[in-house]
2 protein chains.
Amino acid sequence: MASNSSGGSDRQRVAQQRLRIITGHLQGRENGDSTIIAAECKAEGSQTDVSREEGKTVPRRRQEIMKWNGWGYSDTKFIFNNKGQAEFTGKRYRLSGMIIPALKEWFEGTFGASMQHKSPAAPVLNSGAVQPPTLNEAFLEELKSTGVPFSHDAEDRVYRAHGHCLHEIFALREGKVGRVPDMVVWPNCHEDVVKIVELACKHDVCLIPYGGGTSVSSGLECPPEETRCIVSVDTSQMNRILWIDEKNLTAHVEAGIVGQDLERLLNESGYCTGHEPDSMEFSSLGGWVATRASGMKKNIYGNIEDLVVHVKMVTPQGVMEKSCRGPRMSTGPDIHHFIMGSEGTLGVVTEVTMKIRPVPEYQKYGSVVFPNFEQGVACLREVAKQRCAPASIRLMDNEQFKFGHALKPQVSSMFTSFLDGLKKFYITKFKGFDTDRLCVATLLFEGGREKVLQHEKQVYDIAAKFGGLAAGEDNGQRGYMLTFVIAYLRDLGMEYYVIGESFETSVPWDRVLDICRNVKARIIGECKSKGVQFQPLSTCRVTQTYDTGACVYFYFAFNYRGLSDPVHVYEQVERAAREEILANGGSLSHHHGVGKLRKEWMRETVSNVGMGMLQSVKDYVDPKNIFGNRNLL
Amino acid sequence: MASNSSGGSDRQRVAQQRLRIITGHLQGRENGDSTIIAAECKAEGSQTDVSREEGKTVPRRRQEIMKWNGWGYSDTKFIFNNKGQAEFTGKRYRLSGMIIPALKEWFEGTFGASMQHKSPAAPVLNSGAVQPPTLNEAFLEELKSTGVPFSHDAEDRVYRAHGHCLHEIFALREGKVGRVPDMVVWPNCHEDVVKIVELACKHDVCLIPYGGGTSVSSGLECPPEETRCIVSVDTSQMNRILWIDEKNLTAHVEAGIVGQDLERLLNESGYCTGHEPDSMEFSSLGGWVATRASGMKKNIYGNIEDLVVHVKMVTPQGVMEKSCRGPRMSTGPDIHHFIMGSEGTLGVVTEVTMKIRPVPEYQKYGSVVFPNFEQGVACLREVAKQRCAPASIRLMDNEQFKFGHALKPQVSSMFTSFLDGLKKFYITKFKGFDTDRLCVATLLFEGGREKVLQHEKQVYDIAAKFGGLAAGEDNGQRGYMLTFVIAYLRDLGMEYYVIGESFETSVPWDRVLDICRNVKARIIGECKSKGVQFQPLSTCRVTQTYDTGACVYFYFAFNYRGLSDPVHVYEQVERAAREEILANGGSLSHHHGVGKLRKEWMRETVSNVGMGMLQSVKDYVDPKNIFGNRNLL
C-alpha cells in the first residue's frame, strides 16, 4: 500500500517533504518550515484557481456547481417526473438517473402531501434583495496589496451567509436574504490567513471563517446586529496536502480541504483518514476541528479529537500551536481542546496534522433485522460491551426501515424483486416478524479479510441472541449509500409543503429507549397542539455506539399546509424536542455543535464556571470580537 | 461477573444507588443528589477514621505506614544485610523477604559504589527544623465549626510538603525542611471541600490539594515566597465508591481514593477500571485527573482522558461540572480538558465518574528477546501499525535488561537456575545474541482466553520477523512485578552516594531511536563535564506505543561522591537531558506533568497564545490565587 516514488523529481519532492517533516519534529524549526510553505503559496497564488488542480472539488465560485437555496450539487435533485414517478437527477451518485417507484406513495401517505399542493422556491436569487456591502476602505486597500482574491459580488456573499438549518433554507427559498457578509476572501495558505487576521484586527473588521458551509447550528448566520464590515474567510482554496509522513502515519493538510478530496488524494498513496461524516462531500477539515466532528467509521478511525495530532490556528493574539507532534502529552490542559469546539469564535484553523491509516484490504457490508427496536438496542449495547463493534453499526427504527424501502430504486431484474419478495415472506410469515415493529441494523466491516470474516461471525452471533436475522449485504450497502442522498430529499419535501430537520444527541445506554420513545412522542404531541394538520414523521436511529452510551439521530418532518408561520411552529417543536432530550439525560449535541441555535442551553450544559472559562478564553484571545459569528457564548 | 445482590438491605442499597444514577442523568437533579451524599457524609464524618473501613489503605496519619523521607511503606526497603547480601524487607510484595544475590555486585559495578562509603539519612524528622505554622485565625475559627478534621502537627505538615522528585527526597534525608503547609485538612466528602474552598476565598488562605503525594514534577512543593497560611487539602479520606452503574459500565467515585483501593473494591463486584499507573498503590483519582495520568494497560482501558465520563471540581468561582454523562459531545470546547492537566491550580477535583470494565477472564504474561534495541523498536512500531498491541508492551534497552537480571531473587530450586542457564546458552551461543546488545520486551495480554491466545500468536509472529525470540512468561511477569519495587531502589542508592531519577517523554516513531541514543549520550557527556567521577547509569525503555509514536522512559543515576553540590549537578544534567529531548522532537512530558519542575518550557510547548489562554482561565477561576501551588504558569 505504500507509495512508490519513481523518477528524479518525485524523489526530490519526497526528500523535501521528508526534510520538512523531520524539521517539523525538531526544535527551532518553525521559521524554516513556514518560509518554504509561504514561498510555494505565493508562487501558486494570486488569481489562478488552484482548486481545479489535482481533482479538488470546490471552486471559488461555488455557484458553478452548487445550489444557492438547497443542498448539494445543482445538477442533482429528487423530482417527480412527467409520469409522476420520483426520480433522482444527475450523474454523480449510484442512485442518479434512477426511478424510485415507491417514493411518491410513501411521501403522499406519510405527510398527507399531494402533487397538486406545490410550494415552489423563488427560481433565482434576486440580487436586489441583497443589501449593498458595508465596505471598510482602509481594510480593503491593504487587502489588495496582499494579493488575496476577494469579492463583493452579491451572489458570492449570499452563498456564504448560511448553513443548512431549516430556517435558513426556507428563507432562501422565499427569496428572503438577511444580514450577509459584505465581502468574501479566499486565502490560499496559512500566511494569507495571518495577513487577513492582522488587517481585520487593525481595521476592526468582523471575520467569519467559512469551510464547507454545512453547519446545522446556525453557526454561519451573520449576526443581524453586526454593523462592522463582515468578511467571510472562505478556506476552500487552501486545500493542499502539504506532506504525508509514512513513518509516523500522519498527513499535514491545509484546513480548507473537503472530505471527499482528502480521502481521494490520500487513497492515491494507499492511505485514508477514515473520517467520513455524512457531510464529507462538502465539509472541511477546519470545520471538523472547529465543531468536533464525528465520522461514520469512528469505531476504527476515531472522532476528530482522536485523529488530530497537531493544529495551527490563527487568532487575533497570534498563531496558536503546540511545539511537538508527540502522540500524547501531559503539558497542562490540552490546548487542542480549546480549539476543537470553538466553532469559529477564536480564529481560523489553517493547518492540521492528522493520523492516516493504510486503506483497508477488505470491506464488507451487512444488515440484521430485529423483531423490534428494543431488541435491536439491546444487541447494540451488547456489541458495545464486548467492544466488538464493526467500523459502523446503525440501528434504524421501524419508520426509517419503511422510509428506506420507499427509497429503493426501480429494480430492472425480475429475479431481484422475486428474491426481495422471498425475503419478505421469510421474515414476516415464516419468522413471524411484524412489519410494523421490525427494525434494521446496517453494518460495515473493514480490515484484513480473515479478521473481517471472524468479526462478522462474532457480531451476527450476538445479534442472533437478540432475535436478529442476518438480512444480507445489499440492504447494508444500500443503507450507507442512502446517507449521501438523504439530504437532497428535504428539498423535494419543501416543494410540496413539507419541512423537516435532523437533530442528534448522545446519551447513556440505560436512557436510549426512553429518549427514543419520549422524544418521538413529544414531537408528535407538540405538532398536534400547534395545529399541524397531519401527523408528523418522527423517527430515530442509533447511529454510534460507545462504551457508556450511544448517539441517537432523529428525523422530524411535517406538512405545514394551513399554518401561517410554519418556521415558527417548527422552531417551537424543535425546542421542545431538545428540552425533552435534555430532561431524559441526553446531551445538547453529539456532533452538530451549538452554534447560535443551541446557545440557550450552554450554561446549564457546562455550568457557570465552565461558561466563565470559555468566556475568559474568548476575552483574552479576541477582545474586539473580530471573530464575531457569536456562536456558543 | 455481575454482582449478585442478596438480602433486603443490599437490595435497598442497590435500589437507592440506581435511583441516584438515574436522577444523575436527568435534568434538575443535582440538588437532590448532593443532599443525599452530604447527609451520608456528615453521618460518617467528624473524627472517625473512615479509611479503615472497607479495606482502604491510607490513614489520616500517613506516618503510621509510610516513610517520611523516602518511597512507600515504612516496613519495606532494600538493604544490604549482615552477610552483605541485598534483601527486600517487609511482607507486602512478592519480592518481600527475599535475597537478591546479584544486586550488590551490579550496584557496586555500575556506580563504583562501595559498602564502605555510606551517606545515611537523618534518622528522624527534627520537628525543630519545621517553621511554626502561619495561622489564619479567622479561617481556623470558621473551619472548626464545619467539623472537618485538621492538624497543625509538624510531622503531618512535612509529610504533605513534598512529592518524590530527587531534590525533595535528598533534602529530607539531610533533615532540611523548607516551606511546608501550615495546616492539613481532611475533607470527607464533596460538601466539605466546598466549605473549605469558600472559607479559603473568604480569608485569603492558600490551598494546595494533596492526593497521593507521588508528584514527580515539584507539583506539591510549597512556593517559598508564599506568606499566606498554606492549607494542604488531603483528599485521602474522601475515598468512597458512591455507586457502580452496571448498565452503563461506570462508577462514581470520590477523588481521594487511591488506585489499589479502587481496583480492589471494584474487583469485589467483578469490575475494574484497568487504570494501573506505576504509582497506583498511593496515587489518587483526583491526582490522575489533575495531571493527565497514564496507566500501564492503557492499550485496553485508555488513559485518564479516555476513562473519565464526568468530573466535579470545586473552584473559587463555584462547582464546575457538565450536566450530562453522555459518552461524547460537541458542546463547545470540552471543559473536562480545562480540568485535566490543571495540576491543582484551579480547584479540587472531588468526584469522578469513570468507565469500568468486567474483570478480564484471562491474563497472560510474555517476553521477547531481541538481538538489539533497533530491532525491538522496529517490532513495537509494527505492532502499533497493525493495531494489535497487547494490554501492555514494553521494550527495555540492554542496560535495563542487565539491571533486571540483577534484581532476580534467590532461586531456591536448582532446577530453575539450570533452566535459566539453558535459556542463556540457547540465546547467546546457539542463536548468537550478544549479551551486550540484546534487549527484552515484556508483554501482558488480557481478555477472553481464546482471543488472548490468538492475539499472542499474532504478536510473536511479528516479533519473529524482527529477530525476536519468545523468552517465556516468567520473564514477562517478573518485569511487571518489578515495576512496584523499583521506586524503593533509589532509597538504597541514596544510602551509598548514588542519586537518580526517572523522566519520560512522548515522541513520534521516527524519532524514537535518535532520542534514545542522543539523550543517553547527552546524560553521560554532561555528567563527565560536571565532574561526576564514575560513568552514570543512563538507560531507557519504550513503555507505551501509540499510532503516531511512543512513550520513552529514562532512568538516570550516578555516584556523587566527591561532588560538593550533587543536587545542583543533578539538576543541570536533568535540564540538559530535557533540552536534548525537546531538540529531538520529544514532548515536555507524556504523563508526569509540568509542575514547577518543567515550567520554563511551557511557553514554547503551547505557544504564546496557548499560555495566554491558560493564564486567562486561571485569572478568571482563581483571581486571588487561592490555589497557589504555582504549577504550570
(request) Using the structure shown, list the pairs from A:K457/B:K457; A:K465/B:K298; A:K402/A:K530; A:K56/A:K144; A:K520/A:K596; A:K202/B:K624 with a Cα-Cα distance above 29 Å, or answer none. (result) A:K465/B:K298; A:K202/B:K624
(message) Taking a cut-off of 26 Å, what percent of all Cα-Cα pairs in the stretch B:241-358 are separated by more than that?
(response) 12
(request) Enumerate the lysines that A:K83 could reach by cross-link, defined here as Cα to Cα under 22 Å, with residues fewer than 8 away along the same chain left out. (result) A:K91, A:K104, A:K118, A:K408
(message) If each residue of separation counts as 0.36 nm, what is the full-extension length gain between A:Q533 and A:K144 once their alpha-carbon separation is subtracted?
(response) 134.5 nm
(message) Taking A:Y362 in one copy and the same position in all the others, each labelled 7 Å out along Cα→Cβ, what are the pairwise distances from the first, in nm, shortest first?
(response) 2.3
(message) Skipping prolines and chain starts, which residues have an amide H placed within reach, meaning under 5 Å, of the one on A:Y210, given they are 5 or more residues away or on another chain?
(response) A:V233, A:D234, A:T235
(message) Quick check on packing: order A:91-104, B:490-503 by the mean number of other C-beta atoms within 10 Å, highest mean leading.
(response) B:490-503, A:91-104
(request) Could you work out, residue by residue across B:12-23, how many beta carbons of other chains sit within 10 Å of that residue's beta carbon, and then give the average as an integer? (result) 1
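Going by a ≥ b ≥ c, the root eigenvalues of the Cα gyration tensor, does the protein assembly as shown fall in the rounded group (a/c under 1.5), the prolate group (a/b larger than b/c) or the oblate group?
Working: a/c = 1.60, a/b = 1.59, b/c = 1.01.
It is prolate, given that a/c is not under 1.5 and a/b is the larger ratio.
Using DSSP, restrict attention to beta bridges with both residues in chain B and report what percent are antiparallel, rounded to the nearest 5. List each step's numbers first, then the result.
Numbers: 67 of 75 bridges.
Expressed as a percentage, antiparallel bridges in chain B total about 90.
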(message) Whole-Hz ³J(HN,Hα) for each residue in the stretch A:61-68, computed from phi via Karplus 6.51 cos²θ - 1.76 cosθ + 1.60 with θ = phi - 60°, x for glycine and proline: what do you get?
(response) 8, 4, 4, 5, 10, 10, 5, 8
(request) Determine, for A:E351, A:E155, the number of other Cβ atoms within 10 Å of each Cβ, and report the residues in order from fewest to most. (result) A:E155, A:E351
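Using a 10 Å cut-off on Cβ to Cβ distances, tally the other chain neighbours for every residue of A:586-593 and report the average as a whole number. Display every interim value, and only then the final one.
Numbers: counts 5, 10, 8, 5, 6, 3, 1, 4.
What the average comes to for A:586-593 is 5.
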(request) Mind listing the label-point distances from A:E600 to the same position on all other copies, shortest first, one decimal in nm, points 7 Å along Cα→Cβ? (result) 5.5
(message) What whole-number distance in Å separates the alpha-carbon centres of the stretch A:563-593 and the stretch A:251-288?
(response) 30
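Under the rule of -39500 (n - 2.57) per DSSP H run of 4 or more residues, summed and divided by the residues of chain B, what mean residue ellipticity at 222 nm is obtained, to the nearest 500 deg cm²/dmol?
-11500 deg cm²/dmol
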(request) For every other residue with a beta carbon closer than 9 angstrom to the beta carbon of B:H190, add +1 if it is Lys or Arg and -1 if Asp or Glu, then tell me the sum. (result) -3
(message) Suppose you put the label 7 Å out from Cα in the Cβ direction; list, shortest first and in nm with one decimal, how far A:A583 is from each other copy's label.
(response) 6.5
(message) As a footprinting exposure proxy, order A:C516, B:C189 by other Cβ within 10 Å, with the fewest listed first.
(response) A:C516, B:C189
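For a footprinting-style exposure proxy, rank B:H405, B:H592 by other Cβ within 10 Å, fewest first.
Details: B:H405 17, B:H592 24.
Least to most surrounded, the residues fall as B:H405, B:H592.
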(message) I want the antiparallel fraction of DSSP beta bridges within the protein assembly as shown, as a percent rounded to 5.
(response) 90
(request) Shielding by partners for A:247-255, please: the mean number of other protein chain Cβ atoms within 10 Å of each residue's Cβ. (result) 3
(message) Could you identify the residue of B sitting closest to the B-A rotation axis by Cβ and state that distance rounded to whole angstrom?
(response) B:H337, 2
(message) Need one number: nm distance between label points at B:R13 and B:D619, each 7 Å from Cα along Cα→Cβ, rounded to one decimal.
(response) 5.0
(request) Beta carbons within 10 angstrom, averaged per residue: use that to sort the peptides A:190-196, B:126-132, A:344-350, highest first. (result) A:344-350, A:190-196, B:126-132
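Kindly work out what percent of the DSSP beta bridges joining two residues of the stretch A:176-295 are antiparallel, to the nearest 5.
Numbers: 5 of 13 bridges.
Rounded to the nearest five, the antiparallel share is 40 percent.
All of the numbers you see were taken from the coordinates with simple rules; none came from a lab. Keep in mind that this is a model prediction, so the values were computed, not measured. Because the Cβ atoms are built from the backbone with ideal geometry, glycine has one as well, and the counts that use them run over all protein chains shown.
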